[in-house]
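Report on the structure given below.
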Amino acid sequence: MIQRIHRLKKLTIEVRAGRAIRRYKVVKSTGPDDLVFQSIKDGKKPMNDQNILKRYIKPAAAKLGLRVIGAR
């Protein structure tokens, strides 16, 4: 898990903004006390839990054939 988190520091994502595509670093702040799931814009706020569920946890669970219990 630690290796995967460190790998995130090197990744970027592409977000469509109209006809343009914006690129953001996946991890903005990499200090020992910084958040793992940071906001895309500036990395200072945590991501909304429902967004984390929808974008990351549910798709990963589906690929593994698992059900997410207690999630809306």
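The values are calculated or read from the model by the stated rules, or taken from the named source; none is laboratory data. Fair warning: this is a prediction, and the values are worked out from it, not measured in the lab. Ideal geometry is used to build each Cβ from the backbone, glycine not excepted, and the neighbour counts take in all protein chains shown.
Before we move on, is Gln38 of a type in the set (S, T, N, Q) and at pLDDT 75 or above? Criteria not met by Gln38. For Gly18, the requirement of being modelled with pLDDT of 80 or more and of a type outside the set (D, E, K, R) is met. The residue pairs whose first member lies in the range 37-66 and is farther than 18 Å from Leu11 by Cα, whose second member is at pLDDT 75 or above and surrounded by 12 or more Cβ atoms within 10 Å (Cβ to Cβ), and whose beta carbons are closer than 6 Å, counting only pairs six or more residues apart or on different chains, are Lys58/Val68; Ala61/Val68.
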